[in-house]
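The values are calculated or read from the model by the stated rules, or taken from the named source; none is laboratory data. None of the values given here were measured: they were computed from a predicted structure. Note that we place each Cβ from the backbone using ideal geometry, even for glycine, and neighbour counts take in every protein chain shown. Accessible surface is based on the protein model in full, side chains and every heavy atom, while ligands, DNA and RNA are left aside. Shrake-Rupley method; radii C 1.70, N 1.55, O 1.52, S 1.80 Å.
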Amino acid sequence: MPHVMMLKVNSKGKIVSLQGLPSGIKGKRFDEVFEVDGSGSVFKAKLNGEIFTASKIKVDDGYIIVLLPESLHHLIDDFPFGVVVIQDGKIIYVNKIVEKFTGYSKKDLYLMNFRELAADEYQDKIQELYEKSLNADRTVKGELKIRTKSGEELFVEVIATKSYYSGQPVVLCGVAEITRRKEFESLFLALADQTFTVVYIIQDGKFVFLNGTSALSGYSLEELYEMNPFDIVHPEDREMIINNFLRRIRGEDVEVPYRFRVITKLGEVKYADVIATRVIFRGKPAVMGMLIDRTDEVESQEKLKMYERFFRKAKDMFFIIDRKGRFVDVNPRYAEILGYDYSELIGDTSRRIAFEEDLDILRRNFRKVLNGESVRFTFRARCKNGDERIFEVVEWPVFRDEEVVGAEGVLRDITDRVRAERELKKTNELLKTISEINELIFRERDEYALLSKVCRVFSRIRSINSWAWVLERDKILKSTPLAPECTLAERARDGLLEYEECSCPLSTEKSLAIPIVHNSHVFGVLVLCSVGKLGDDEIRIFEELGENLGFAVTSYRAERDRKIAINLLLDNLEQFEDLADKLRNPVAIISGFIEIKDDIGCERTLKEIEKQIERVKGILDDLRLQETLTYFILKGEKFK
């Protein structure tokens, strides 16, 4: 049986692998094969009467137990890793591997103090490792730099534990040369510090390595090393990140990369892509990964989506054209407003949507854009169905390598606004006209003169042919000279406004016949020939004009009737005075005949009285006639 044995037991104490022991004990419990004396990381074990010092080293899934005979008659020269035994500061045993990487022979090494192997800057550390191994009831690990016989410096990893030899404590060291690994680590650290990504290693629920780019979270490196790594993960992503971490630790495959959200120290949300893998770090499993900050990319994508959404959903019309004026892209609003499909416009120019007479406007402004200017202008566009729309255009150049390669712009449909402004302008002009006519109403006293001047106002201000008619005793009479025969005027005498195409030869557009009305009584008609298109507000204003003119005619006629009535009353007073004189004569005659009735007799007196009474009756009939005439005048009726 070899004098040094090594075996591995699982967490349940069963032997799962071995070296230097009979294979028949594999699968049995360690304490069934060996007599165990003591506990802890160093204890005594007896097999077939030989006593061993057992050193137990914890690994991922159990323990490695090294059995060293109490008597070192046979050494572990053929072990695949370096073995060093130190007692009282002296090296009392090394195997062939140690001879090989140090360059010293066993004889040289046995004459050396163990500290002499360490590089100058590692003298204190090797001493500390030695003392910890003697005083601690556990395995001690560390990395050291040693100096070989040739003066070359190498990195070694040491696993040390306390043991006994000949009843005296010794330090049993397993030594592995890790210079190449350290070089790779240095290279990795150098690359990690230079990279723009976050490089991390998580082990036992803590960050054990972070490069300088770890400021992604806003925490300092010192704060991150003290934190739970998963605390910086967005709560909604935390479960996914923890599950992926545990799967990697178990050795399962996890698809990479994937994206998650980071909550910074200031509470901001950042986005990161993670690429990670399982590694063994310092003898234990860990997860090493890289975080790539994608916040700007995500925000750019969100902005791009927002701009795309704005481009597609905007109420205005957006376009992109190349240097030759051909459409490269347009938003859906083009189809909604102009009726053209996307495919009908792409590759075509603005000539498709422009009126021929407006092409020069487009060319002139596009030349300015090609010269690097931004422009704003208005032009008319032709819809697919032939309708006209009016647009305000803002257009600017697109540069590439300081050269204009095309243009972008936006069209805003201002058709309704322009039409409203035009209607408002027309209404304001009409109101000015009405205001001038109202002044005429107050100045004039005759409807014929008023209507003649009203027609001249329309002819002067609005360049409209206009005529007026007056109703007299149910007859329609021309109030303005040269007025043609007009069917609209005939229809409007019924009191209803007429707005339509007129059949007279002078009409080229719709004409308007306005009844002159007051208190439902029609006094005449005002006709505006070929007045053109009118809005509802304008028609309402013209209706009010007809009422105002009707009120004026009523007022003029009332004033004339008042004057006639006053004149008749004055005439009546003169006639009353004349009648009074006429009544005095027959009354005086009757009185005289009564006085001389005895002289001339009663019969003659009665005859004379009857004659004078007839004269009085005639005078009273004249008085009744004047009274009747005055009554009708005061009632507003002309005596026929």
- Shape box of the stretch 39-128 [Cα atoms, principal axes, largest first, Å]: 42, 30, 25
- Message: What does the extension gain come out to for Glu226 and Val394, with contour length at 0.36 nm per residue minus their alpha carbon separation?
- Response: 54.8 nm
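I'd like the projected area of the stretch 95-178, averaged over all directions, using the convex hull of its alpha carbons. Report it in nm² with one decimal.
Values: hull surface 21.9 nm².
It is 5.5 nm².
Hey, what number do you get for the chain at 222 nm if only DSSP H runs of n ≥ 4 count, each worth -39500 (n - 2.57), divided across all residues, to the nearest 500?
Using -39500 (n - 2.57) per qualifying helix, the result is -13000 deg cm²/dmol.
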- Message: Whole-Hz ³J(HN,Hα) for each residue in the stretch 344-358, computed from phi via Karplus 6.51 cos²θ - 1.76 cosθ + 1.60 with θ = phi - 60°, x for glycine and proline: what do you get?
- Response: 6, 9, 4, x, 9, 9, 5, 4, 4, 9, 9, 6, 3, 6, 9
- Item | Spin-label zone in the stretch 386-404 - amide nitrogen under 17 Å from a point set 7 Å from the Cα of Arg364 along the C-beta vector | 391-395
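Pairs to check: Lys26/Lys145; Lys303/Lys384; Lys90/Lys132; Lys582/Lys607; Lys56/Lys149. Give those whose C-alpha atoms are more than 26 Å from each other in this structure. All intermediate terms of the calculation are to be shown ahead of the outcome.
On the way: Lys26/Lys145 38 Å; Lys303/Lys384 34 Å; Lys90/Lys132 16 Å; Lys582/Lys607 20 Å; Lys56/Lys149 32 Å.
Pairs exceeding 26 Å: Lys26/Lys145; Lys303/Lys384; Lys56/Lys149.
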- Item | Scattering curve values for the stretch 409-468, log₁₀ I(q)/I(0), Debye with Cα scatterers, q = 0.15, 0.16, 0.19, 0.29 Å⁻¹ | -0.56, -0.60, -0.74, -1.15
- Given a 1.4 Å probe and the protein chains all in place, what does the accessible area of Asp358 round to, in Å² to the nearest 10? 20 Å²
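Once Rh for the stretch 169-325 is found with the Kirkwood sum over Cα pairs, what is the Stokes-Einstein diffusion coefficient at 4 °C and 1.567 mPa s, in µm²/s? List each step's numbers first, then the result.
On the way: Rh = 18.6 Å.
For the chosen part, D equals 70 µm²/s.
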- Taking all protein chains as present, what is the carbon and sulfur share of the accessible area of the chain, in % to the nearest whole number, probe 1.4 Å? 52 percent
- Cut-off under 5 Å, modelled amide H: who pairs with Val262 long-range: His234, Lys270, Tyr271, Ala272
- Task: Within the stretch 289-314, find all residues whose amide N lies under 15 Å from a label point positioned 7 Å from the Cα of Arg412 along Cα-to-beta-carbon.
- Result: 314
- May I ask for log10 I(q)/I(0) of the chain at q = 0.05, 0.09 Å⁻¹, from a Debye sum over the Cα atoms as equal point scatterers with solvent left out? -0.62, -0.98
- For the stretch 233-325, the spread of Cα positions along each principal axis, largest first, Å: 68, 32, 20
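Rounded to whole Å and ordered largest first, report the semi-axes of the equivalent ellipsoid of the stretch 307-366 derived from its Cα gyration tensor (root of 5λ). Can you show the working numbers first?
Details: eigenvalues 84, 32, 24 Å².
Ellipsoid semi-axes (Å, largest first): 20, 13, 11.
Roll a 1.4 Å probe over the protein chains and send me the accessible area per residue for the stretch 107-158 in Å². Display every interim value, and only then the final one.
Values: 2940 Å² over 52 residues.
With the other protein chains kept in place, the stretch 107-158 gives 57 Å² per residue.
Once you have the alpha carbon radius of gyration of the stretch 483-553, what is it after dividing by 2.2 N^0.38 Å, with N set to its residue count?
Numbers: Rg = 11.6 Å, N = 71, 2.2 N^0.38 = 11.1 Å.
Taking N as the residue count of the stretch 483-553, the ratio is 1.04.
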- Solvent-accessible area per residue for the stretch 393-454 at a 1.4 Å probe radius, Å²? 60 Å²
- Under-5 Å amide H pairs with Ala119, H placed in peptide plane, nonlocal only: Lys145, Ile146, Arg147
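Ordering Leu570, Leu68 by accessible area with a probe of 1.4 Å, largest first, what comes out? Walk me through the numbers before you get to the answer.
Working: Leu570 90, Leu68 10 Å².
I get Leu570, Leu68, largest accessible area first.
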- Between Ala565 and Ser452, with labels modelled 7 Å along Cα→Cβ, what's the label distance in nm to one decimal, could you check? 2.9 nm
- Query: Given H placed on each backbone N at 1.01 Å, which residues far from Val398 in sequence or on other chains put an amide H within less than 5 Å of it?
  - Reply: Val405, Gly406, Ala407, Glu408
- Note on the structure: Binned at 10 Å starting from 0, the alpha-carbon pair-distance distribution of the stretch 492-640 in whole percents comes out as 10, 22, 16, 13, 12, 9, 8, 6, 3, 1
- Task: May I ask for the distance between the Cα centers of the stretch 368-399 and the stretch 200-276, given as a whole number of Å?
- Result: 52 Å
- Task: For the stretch 106-118, just list the computed ³J(HN,Hα) in residue order, Karplus coefficients 6.51, -1.76 and 1.60, θ = phi - 60°, integers in Hz, with x standing in for Gly and Pro.
- Result: 4, 4, 5, 5, 5, 8, 9, 7, 4, 5, 5, 6, 7
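What's the magnitude of the charge dipole for the chain around its Cα centre, counting Lys and Arg as +1 and Asp and Glu as -1 at the beta-carbon? Answer in Debye, nearest 20.
2120 debye
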- Label-to-label distance, nm, for residues given as Glu297 and Asn428 (7 Å Cα→Cβ offset): 5.8 nm
- Using heavy-atom solvent-accessible surface (probe 1.4 Å) with all chains present, what is the largest-first order of Met227, Met5? Met227, Met5
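Pull out the extension gain between Glu500 and Leu47, defined as 0.36 nm times the separation in residues minus the alpha carbon to alpha carbon distance; nm, one decimal.
Numbers: separation 453, 0.36 × 453 = 163.08 nm, distance 12.71 nm.
This chain segment gains 150.4 nm when fully extended.
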- Note on the structure: In whole angstrom, largest first, the equivalent ellipsoid semi-axes that the Cα gyration tensor gives for the stretch 220-279 are 21, 14, 10
